[in-house]
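Just so it is clear, none of the values below were taken in a lab; they were calculated from the coordinates. Just so it is clear, the structure is predicted and the values come from calculations on it, not from any experiment. Using ideal geometry, Cβ is built from the backbone for each residue, glycine included, and neighbour counts are taken over all protein chains shown.
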Amino acid sequence: MKKALLTVFVVGLSWQCSAPPAEEPAARVERPAIVGIANFVVTTGSVEEARTFYGTYLGYEEAFQHTRPGVAGDMLAFKVNDTQFIELSPTLNNEDDDKLIQIGLETTNAQQLRDYLAQEGYEVPATVDKDADGNMSFHIADPEGHDVEFVEYLPDSVQGKTAGQFLGENRVSDHILHVGIHFYDEALVDTLYKGLLGFRPLWRGGMTDEKAEWISLLLPDGSSWIEYMLADHENPPDARRLGNWHHVCLGTDDVQKVYDDVVARGYQGERMPSIARDGRWLLHMFDQHNTRTEMMIRKPVETPCCSELTDPYTD
């Protein structure tokens, strides 16, 4: 009997003194693909004004109306293609306000992208859930406070259920090339767009060869880009300049035809097609509140100023 008790005691003592198993180091989360510009969202003074410019003049069809967090009322979604939208909120009260609400970027995995940014120390929401449209999405503020949405489109979402619809022949373009955003500090915003998200240098230039005012960065996994519209703190933009700088650019093969078409539909603008500083044909158009829409032929016809244009998608 004593021998049996001693055996139990020794076995128990041996178990209590054994070391706990070593924890496996947490696997690093890799950044998923960011494949395109998803949306460009601004305010307007009225639904009728939005439908006139984006619907009648530019030829886009209103695919649906929906809501967005923090924005009162329904928004109009004009469909460029199945994954790209120009959206208008009829909530503008003051012409002196910034019209930009947000830009959206499409990713292949919203949850993974949220986890990747959290791992890198960037402030992100605690969870990623289905949004009001039925997609997986989340929002962050970029280093200068602009609202950036990351969206993973799902087949049963509003966008998924309307795939192939609302793509009329009157569209001036079937794709968004880039969106422009006003910034002050290039190095600061680079920490997000270039550093964490992996955007790639495309071109940098300005009104003169000596000063870079426009910085173009390709998406890490797509052919569209964002454009920094830089300004000094000593010379902050007024509302008119912000409307010019916060812009959406649409791709075309024939800028002159686009100009002729929109004029025939009733658009009246002072800007004619011209060759921009990056050597590309360009047309500027403005809605009733001075938010700019560019039309651009991607392939340059002249040598760009200021820096090399490193665009692998021009052929």
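Note on the chain: with a GNM built from Cα contacts shorter than 10 Å, the maximum mean-square fluctuation among 304, 273, 125 falls on 125. Partner aspartates and glutamates whose Cα lies under 19 Å from the Cα of residue 299, excluding those fewer than 8 positions away in the same chain, are identified as 174, 227, 253, 254, 278, 308, 311, 315. Two numbers describe the Cα atoms of the stretch 71-115: Rg and Dmax, which are 13.8, 39 Å.
Relative to the dominant Cα principal axis of the chain, helix 255-264 is inclined by about 70°. Antiparallel beta bridges, as assigned by DSSP with both residues in the chain, represent about 70 percent of the total such bridges. Mean-square fluctuations from a GNM of the chain, with a 10 angstrom spring cutoff on Cα atoms, peak among 260, 174, 74 at 260.
Please determine, in degrees from 0 to 90 and to the nearest 10, the orientation of helix 110-119 with respect to the longest principal axis defined by the Cα atoms of the chain, where the helix direction is its Cα long axis. Long axis of 110-119 versus the principal axis of the chain: about 70 degrees.
Decide, for the chain, between rounded, prolate and oblate: order the square roots of the alpha carbon gyration tensor eigenvalues as a ≥ b ≥ c, take rounded if a/c falls under 1.5, and otherwise choose prolate if a/b is larger than b/c, else oblate. Verdict is prolate for the chain. Comparing mean-square fluctuations of 80, 71, 158 from a GNM of the chain with C-alpha springs under 10 Å, the top value falls on 71.
Taking H as built 1.01 Å from N, whose amide H comes closer than 5 Å to the amide H of residue 107, not counting residues under 5 places away? Answer set, sorted by chain and number: 35, 151, 152, 153.
With a Förster radius of 51 Å applied to the C-beta separation of residue 187 and residue 67, the computed FRET efficiency comes to 0.90. Applying both filters, DSSP loop and at most 10 other Cβ atoms within 10 Å, to the GluC sites (Glu not before Pro) of the stretch 198-255 gives 210, 234.
To the nearest Å, what is the center-to-center distance of the stretch 44-99 and the stretch 144-201, using C-alpha atoms only? Each part reduced to its Cα centre gives a spacing of 16 Å. Each other residue within a Cβ distance under 11 Å of residue 215 adds +1 if Lys or Arg and -1 if Asp or Glu, for a net charge of -2. Assign one of three labels to the stretch 181-315, namely rounded, prolate or oblate, based on the Cα gyration tensor with a ≥ b ≥ c the square roots of its eigenvalues; rounded applies when a/c is under 1.5, prolate when it is not and a/b is larger than b/c, and oblate otherwise. Verdict is oblate for the stretch 181-315.
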